[in-house]
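Chemist: The following block contains the structure, expressed as structure tokens.
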Amino acid sequence: MADGASHRVLEGWPAWPRLNQALAARSSLWAVCRCGREAVIDPRPWVGQGLARQATAGLEGRLRCVCGARRARLEIRGLAEAPARGAGGIHVFR
């Protein structure tokens, strides 16, 4: 790196959180669109499709926002980090 610090990826350490981490107690899966809209996403249909070990970044293209965006960022949040209410309007496309 330019500042002289070394960056090493630890073996076995996922670069992106996996979908099954959203199923942990006191966790939730949220979609965040560039327009600012946020919505809670139920991960169970994806888990039922066998995608539990899929990185969340690989699932972002499956989301559609009412603003027309064809992608939304997925975040796993704890209960304290999640807003009291979501705006809704972000849907799973496939």
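The values are calculated or read from the model by the stated rules, or taken from the named source; none is laboratory data. Remember, predicted model here, so these are calculated numbers, not experimental data. Reconstructed Cβ throughout: ideal geometry from the backbone, glycine too, with neighbour counts over all protein chains shown. Just so you know, the surface numbers come from the protein's heavy atoms only, side chains and all, with ligands and any DNA or RNA stripped out. Shrake-Rupley method; radii C 1.70, N 1.55, O 1.52, S 1.80 Å.
Chemist: Against the condition open to solvent by 50 Å² or more (accessible area, probe 1.4 Å) and in a loop (DSSP other than H, G, I, E, B), how does Ala25 come out, does it pass?
Modeler: For Ala25, the condition - open to solvent by 50 Å² or more (accessible area, probe 1.4 Å) and in a loop (DSSP other than H, G, I, E, B) - is met.
For every residue, the table says whether it meets (1) surrounded by fewer than 12 Cβ atoms within 10 Å (Cβ to Cβ); (2) at pLDDT below 95; (3) under 16 Å from Trp30 (Cβ atoms).
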{"residue": "Gln49", "(1), (2), (3)": "yes, yes, no"}
{"residue": "Ala52", "(1), (2), (3)": "no, yes, no"}
{"residue": "Gly68", "(1), (2), (3)": "yes, yes, no"}
{"residue": "Ile76", "(1), (2), (3)": "no, yes, yes"}
{"residue": "Ala80", "(1), (2), (3)": "yes, yes, yes"}
{"residue": "Pro83", "(1), (2), (3)": "yes, yes, yes"}
{"residue": "Ala87", "(1), (2), (3)": "no, yes, yes"}
{"residue": "Ile90", "(1), (2), (3)": "no, yes, yes"}
{"residue": "Phe93", "(1), (2), (3)": "yes, yes, no"}
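Chemist: Can you say whether Arg34 is out of contact with any His (no Cβ under 6 Å at 6 or more places or on another chain), open to solvent by 100 Å² or more (accessible area, probe 1.4 Å) and at pLDDT 90 or above, as far as the supplied structure shows?
Modeler: So Arg34 fits the description; yes.
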